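Colleague: Below you will find the structure I want to go over with you.
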Amino acid sequence: MPSTHIREKLVKSAKKIVIKIGTQVLTDADDRLDTGLIRSIANQSHLLIESGKEIVIVSSGAIGAGMGILQMKTRPKRLAQLQATAAIGQGALIQLFERAFAKHNLHAGQILVTRADFEDRRRYVNIERTISELHKFSAVPVINENDTIAVDEIRYGDNDFIATLVANLWRADLLVMLTAVEGLLDKEGRLIDFVEQIDNETESLLKAEKSKLGVGGMRSKLQAVRFATQSGIDTVIASGKKRNVLRDLIISGKKVGTVFAGGSKKVAGKRRWIASAARADGVISIDEGAVRAIISRGKSLLPGGITDVKGKFDKGQVVIITDMQGQELARGVTNYSSEQIKLLKGKRTEAIRKTFGKDSPEEIIHRDNLIVTLDYQK
């Protein structure tokens, strides 16, 4: 099937869609909010909903909104000033979305998140539940990082990654990243229509990329796309400044932006969380035999293959699994604490029950709670 037909089928068939709107899209040349663009996004979102789609918006713009209200000429540099500006802007931003959606008898439901909300499993699941309930109330979830309280240690600082996490937890079919550029360009500066898989050739295009985003901005976009597509989510990078971009892309199926095909292998919800959102609290190193068992045979992690344990963690926490060279190959939720694993490492499975009782799990990490790093290369 030609790539044009594949991309049209992927995009038009999507039912659950996450739309990420970047700061450069939402603001004008003076860093003020573009209210006309917000109305346009709401109008197009209404058309998607009328056609049977469910949508979630991941939006930047709180600081830009605050700057407009405070009549600031330049973006604040001190963290406290940025947070205060965002606090003022967040209310104004959601009001603009609410007024724009109200014309279509829809509401805007604000969800403010920090890194901790994704790293904690219960809070992560609650985000998904809130999204579902908002849809029942004819409300469009509008998600943003909570810049008013987040500091560098607990923030992502990049709504691209937040959008992929939201798409993951909501099990979206499609992630649309609206940016200041048309999409990914080839070495001659032409728009690439369809990417089946992000590989070294795709990465090499970053060196030739000349755009408003710069190389760093597009690299961040591709990293976010890689996360999404590895979880089976089709993704589009397109210009948010293009008139009727959502309508043309999703309803009409026109060739807009660059479409990245999601992997065919779907990942279960908990394993998605382990792979992309959960904070790793320690590292377990394993030998070549254990690497082969996990990578090639789909086995659980047993104590005999463990060579080293780093960090202090409790039972039920997420850890990184590395090979003898220190390369990450998987992540998983451990059945034992770091101190317990140190007692068991290198020993036969029978040592577990002799040490901790006959009802103790025989796996250090069960396969159901373990996910392999998809681009791991031995």
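The values are calculated or read from the model by the stated rules, or taken from the named source; none is laboratory data. It should be emphasised that the depicted structure is a prediction, and the values quoted were computed from it without experimental measurement. Every residue, glycine as well, gets a Cβ built from its backbone with ideal geometry; the counts of neighbours run over all protein chains shown.
Colleague: Take the conditions exposed (fewer than 14 other Cβ atoms within 10 Å of the Cβ), under 26 Å from the mean Cα position of the chain (by Cα) and without any contact (Cβ under 8 Å) to a residue 60 or more places away in the chain and apply them to residue 36. Does it pass?
Modeller: no
Colleague: With the condition kept exactly as written, say whether any residue in segment 253-273 is within 30 Å of residue 43 (Cβ to Cβ), part of a strand (DSSP E or B) and touching a Gly at 6+ places or on another chain (Cβ under 9 Å).
Modeller: Yes, segment 253-273 contains a residue that is within 30 Å of residue 43 (Cβ to Cβ), part of a strand (DSSP E or B) and touching a Gly at 6+ places or on another chain (Cβ under 9 Å).
Colleague: I'm trying to understand the selection: among the residues of segment 91-122, which are of a type in the set (Gly, Ala, Ser) and either in a helix (DSSP H, G or I) or surrounded by fewer than 16 Cβ atoms within 10 Å (Cβ to Cβ) (or both)?
Modeller: Those that are of a type in the set (Gly, Ala, Ser) and either in a helix (DSSP H, G or I) or surrounded by fewer than 16 Cβ atoms within 10 Å (Cβ to Cβ) (or both): 91, 92, 100, 102, 116.
Colleague: Condition first: closer than 16 Å to residue 57 by Cα, in contact (Cβ under 8 Å) with a residue 24 or more places away in the chain and surrounded by 15 or more Cβ atoms within 10 Å (Cβ to Cβ). Can you find one or more residues in segment 67-87 that meet it?
Modeller: Among the residues of segment 67-87, not one is closer than 16 Å to residue 57 by Cα, in contact (Cβ under 8 Å) with a residue 24 or more places away in the chain and surrounded by 15 or more Cβ atoms within 10 Å (Cβ to Cβ), which makes the answer no.
Colleague: Evaluate segment 278-285: report whether one residue or more is touching a helix residue (DSSP H, G or I) at 6+ places or on another chain (Cβ under 9 Å) and at pLDDT 90 or above.
Modeller: yes
Colleague: Still on this model: Would you point out which residue out of 88, 63, 19, 55 is modelled with pLDDT of 85 or more and assigned to a helix (DSSP H, G or I)?
Modeller: Checking each option against the conditions leaves just 88.
Colleague: Which of the residues that make up segment 363-373 are part of a loop (DSSP other than H, G, I, E, B) and not hydroxyl-bearing (Ser, Thr, Tyr)?
Modeller: 363, 364, 366
Colleague: Right, residue 329: over 31 Å from the mean Cα position of the chain (by Cα) and assigned by TED's automatic domain parsing to the domain that holds residue 304 or not?
Modeller: Criteria not met by residue 329.
Colleague: Something else: Please enumerate the residues belonging to segment 170-203 that are in a loop (DSSP other than H, G, I, E, B), under 23 Å from residue 245 (Cα atoms) and free of Cβ contacts under 8 Å to residues at least 40 places away in the same chain.
Modeller: Within segment 170-203, 186, 189, 190 meet the criteria.
Colleague: Got at least one residue in segment 67-81 being of a type outside the set (Lys, Arg), in contact with a strand residue (DSSP E or B) (Cβ under 8 Å, 6 or more places away or on another chain), within 20 Å of residue 145 (Cα to Cα) and not in a loop (DSSP other than H, G, I, E, B)?
Modeller: The answer is yes, given that some residue of segment 67-81 is of a type outside the set (Lys, Arg), in contact with a strand residue (DSSP E or B) (Cβ under 8 Å, 6 or more places away or on another chain), within 20 Å of residue 145 (Cα to Cα) and not in a loop (DSSP other than H, G, I, E, B).
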